[in-house]
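The values are calculated or read from the model by the stated rules, or taken from the named source; none is laboratory data. Being a predicted model, the structure only gives us computed values, none of them experimental. All Cβ positions, glycine included, derive from the backbone under ideal geometry; neighbour counts span all protein chains shown. Keep in mind that these areas ignore ligands, DNA and RNA; they rest on the heavy atoms of the full protein, side chains included. Shrake-Rupley method; radii C 1.70, N 1.55, O 1.52, S 1.80 Å.
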Amino acid sequence: MKSALSIAGSDPTGGAGMQADLQTFALHGVRGAGIVSALTIQDSVRVHSVLPVFPSVVLDQIRTLLADATPDVIKIGMLATDDVARNVVLGLQSVRGKVPIVIDPVLEASDGTPLLERRAWPALHELIRGCHLVTPNLNEAERLSDIDCSRKKDCEKAADFFIHELGAGAVLLKGGHRSGSPDDLLALGGGSETRFIWLEGERIESGSVHGTGCALASSVAAGLAQGRPMEDAVQRARTFVREGISTSAQFGQGARFLGFPGDVS
Ligand code: PXL
């Protein structure tokens, strides 16, 4: 059995963060390990507050786990603070280039609550350098690259920025927040020319669904752990999330939660 390590915030609703990551790994038949970067107080309506974990505790957990066994993939989500992000950089030094890393560059929750402080961006950039895949949504891509992504050509420029300026191996720029057709852009680096693959999306009229980004990145990570090529892992992850959205359900007063499909391993 393959194993995946998630470094992410805890979402007590179970919809996003560590809880979503571990459920996703399990559904893919991948063993999940988890290091919590921050606690959140939230419900399906909004994030009430964020409490980062002591950075030294995050570092100790990473070093202790990695000294014992090497996971087949590492997925990084919410990091909350610069201190935590810098300790994640430190902790992962020994596995850089040896284990595929998938980064969901979480900047804020859907209600606008910041989930990463601005001064943590240099540490986030360091994590992105050499990672296998980074999965920004439209807003994160625009903010991190400083390129307006309203036109598809500009999305390609932003994706290229992640590959050539920040050093990511590949970028999945999620188009769900785009007005009009919610196509995703998969950009693959490697050669001198970035390869752009537009993946057609269809809007599912479901209302707001919580945790789609976490599930998508974790699903791709599970696929990579199983040795799937990037394009295949991404396509399967999009199908996984699409099915999750179409079977989503309302449990509280706010956003819906993904209906997790049956075993997809
Ligand atoms: O979906 C982004 C996200 C990631 N991680 C945690 C979260 C959220 C959104 O609320 O709470 C822990």
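Values for this structure:
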| read-out | value |
| --- | --- |
| All helices (runs of 4 or more DSSP H) inside segment 1-100 with 3 or more residues being over 20 Å from the mean Cα position of the chain (by Cα) | 55-68 |
| Members of segment 5-41 that are away from the ligand (no atom under 16 Å from the Cβ) and touching a residue at least 40 places away in the same chain (Cβ under 8 Å) | L27, H28, G29, V30 |
| Scan of segment 215-232 for residues that are open to solvent by 20 Å² or more (accessible area, probe 1.4 Å) and not basic (K, R), ordered by number | L224, Q226, G227, P229, M230, E231, D232 |
| Boolean, R86 is at pLDDT 95 or above and surrounded by 13 or more Cβ atoms within 10 Å (Cβ to Cβ) | yes |
| Matching residues, segment 71-102, being in contact (Cβ under 8 Å) with a residue 60 or more places away in the chain and either of a type in the set (K, R) or within 12 Å of the ligand (Cβ to nearest atom) (or both) | K75, I76, G77, M78, L79, A80 |
| Criterion: in contact with a strand residue (DSSP E or B) (Cβ under 9 Å, 6 or more places away or on another chain), in a strand (DSSP E or B) and away from the ligand (no atom under 14 Å from the Cβ) - qualifying residue of A187, A222, A237, A233 | A187 |
| Residue match in segment 197-208 (condition: of a type in the set (D, E, K, R) and in contact with a Leu (Cβ under 7 Å, 6 or more places away or on another chain)) | no |
| Any hit, segment 53-70, residues being within 16 Å of the ligand (Cβ to nearest atom), hydrophobic (A, V, I, L, M, F, W, C) and open to solvent by 20 Å² or more (accessible area, probe 1.4 Å) | yes |
| Looking only at segment 203-214, and only at residues there that are of a type outside the set (S, T, Y) and surrounded by fewer than 24 Cβ atoms within 10 Å (Cβ to Cβ), the one that is farthest from K75 (Cα to Cα) | E205 |
| Qualifying residue in segment 117-124 (condition: aliphatic (A, V, I, L, M) and closer than 25 Å to H28 by Cα) | no |
| Complete set of residues in segment 250-265 that are surrounded by fewer than 13 Cβ atoms within 10 Å (Cβ to Cβ) and either closer than 17 Å to R203 by Cα or acidic (D, E) (or both) | D263 |
| Close pairs from segment 107-133: first without any contact (Cβ under 8 Å) to a residue 60 or more places away in the chain, partner basic (K, R), Cβ under 7 Å, at least 6 apart | L107/R143; A123/R86; G130/R96 |
| Residue that is farthest from A233 (Cα to Cα), among those in segment 111-140 that are more than 15 Å from the ligand (Cβ to nearest atom) and of a type in the set (A, V, I, L, M) | A123 |
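Okay, residues lined up against (1) closer than 30 Å to D60 by Cβ; (2) at pLDDT below 95; (3) in contact with a helix residue (DSSP H, G or I) (Cβ under 6 Å, 6 or more places away or on another chain); (4) surrounded by fewer than 22 Cβ atoms within 10 Å (Cβ to Cβ):
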{"residue": "L107", "(1), (2), (3), (4)": "yes, no, yes, yes"}
{"residue": "R118", "(1), (2), (3), (4)": "yes, no, no, yes"}
{"residue": "E140", "(1), (2), (3), (4)": "yes, no, no, no"}
{"residue": "A158", "(1), (2), (3), (4)": "no, no, yes, no"}
{"residue": "E165", "(1), (2), (3), (4)": "no, no, no, yes"}
{"residue": "K174", "(1), (2), (3), (4)": "no, no, no, no"}
{"residue": "L188", "(1), (2), (3), (4)": "no, no, no, yes"}
{"residue": "E193", "(1), (2), (3), (4)": "no, yes, no, yes"}
